[in-house]
Amino acid sequence: MSTSANQSANYGPRVLAVTGLSLTALTIAGAVLRYFLDDALWTLIWFAVAIGGLVGFATNWVAIKMLFHPRVRIFGVQGVVPSRRLELARSVGETLEEHLISGDRMHKLLVGSGAIDEAMGKLAKHLPKLLEDPESRELVTREVTGTIQETMGDVMVAAKAKLKEKARSNFSAILAGSTATASLGPLAGVMAAGAVKSGMLDNMVEKLIDNMADELRKDGGVDGAAKGIVKALPERAEQILADEGLRGKLTELFEGMASDLVNAVDVAGLVEQELLGRDESDLESLIDRVAANELTFIQVAGGGLGMIAGLSWLWPWLLLPIGGVFLLMVQVARIAEKKHAEKRRIEREGEKFADAVVQPAEDQPELPAPQDKPEQLPAPEEEAVTASTDKVD
């Protein structure tokens, strides 16, 4: 809370106390003067203005106090906030989630503020130091090992398919060109065709790949590869993360994680729980600190309006100009509110238009390359002039 807000909260009770005591003293003095000087008009004006101001001030003071008091229902009466606490908390939470801290707004803030790029930079800077920790190195090594083992199955399947295709297309030529088949002659081609058609060649390729994978696992090749990758990470962290392709993938990953995180958070529920977990006195002090000036003005303004009402009690015709001024002020306030709402609407539409126009470079359609303009043919008049010039020459 800022210093000005604290000062406002401190001055509010003093202003109210001074206003209430002053109006009470003026009312008592007016009553005494009215008692002794019953025929004097000014004493009547004094008393009417003072009692009207006191009633207006006291009415607004009681109305504001009844927002929070009584906290327990007494004779069927309870403060607005204690009696409708659950509804108010739910309404505040839904309003904040919808208009202030919605998932889309927070996602745009995370992406547009450069927080993801900053996180990438910090990751590249602190990754070497992080991997110096033995526990971190062991954890990363286990993750890399698991990833290699999970990926190895897909790699082996792809390798089998590729080798089978190569073997089928090249087996006949390889067999025909070997020294072992020089004495067999045409029989070599027949043997090659039989091996391919019977599936024997495919079985041989599969056994070969499976044996290689088993040997790789037994000899610790996977663990060695994982340790080698982790060992090289600290030295090449910045170089690896500087790669545009990898950086783009990591940025997309961070953006997706941020979006999932924001959408997973129940903002309305969190705000509702926070408000319900607070005591009514805490909420009252919070509102007093935030709206101290406004609440003080409402109560003091009630005293001023009460004074005007006291004058109109003496001279009812004053209600016409007073009512006209009041209606004029209301109309001016409505016009100002409409202008402000229109301004905010235009600003929001401008923000939406800017978000729609500004797209990442990869999302923008490529413009067609400019084509060379065809050579412009001379106009018929120019051709006639040129021909006549040639004749003259």
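The values are calculated or read from the model by the stated rules, or taken from the named source; none is laboratory data. Owing to the predicted nature of the structure, the values given are computational and were not obtained by experimental measurement. Note: ideal-geometry Cβ built from the backbone for every residue, glycine included; neighbour counts use all protein chains shown.
Taking the range 267-294 as the region of interest, how many residues are under 26 Å from Leu26 (Cα atoms) and either without any contact (Cβ under 8 Å) to a residue 24 or more places away in the chain or crowded, with 19+ Cβ neighbours inside 10 Å (or both)?
Final tally of qualifying residues: 2.
For the range 10-58, which residues satisfy the criterion of being in contact with a Lys or Arg (Cβ under 9 Å, 6 or more places away or on another chain) and surrounded by 19 or more Cβ atoms within 10 Å (Cβ to Cβ)?
Answer for the range 10-58, where residues must be in contact with a Lys or Arg (Cβ under 9 Å, 6 or more places away or on another chain) and surrounded by 19 or more Cβ atoms within 10 Å (Cβ to Cβ): Thr43, Trp46, Phe47.
Report whether or not Gly12 is under 16 Å from Met307 (Cα atoms) and either under 49 Å from the mean Cα position of the chain (by Cα) or touching a residue at least 60 places away in the same chain (Cβ under 8 Å) (or both).
no
State whether the residues of the range 292-311 include one that is at pLDDT below 85 and either more than 21 Å from Leu54 (Cα to Cα) or of a type in the set (A, V, I, L, M) (or both).
Yes.
Restricting to the range 53-90, give me the number of residues that are farther than 21 Å from Phe297 by Cβ and either among the charged types (D, E, K, R) or not assigned by TED's automatic domain parsing to the domain that holds Asp279 (or both).
Qualifying residue count, the range 53-90: 6.
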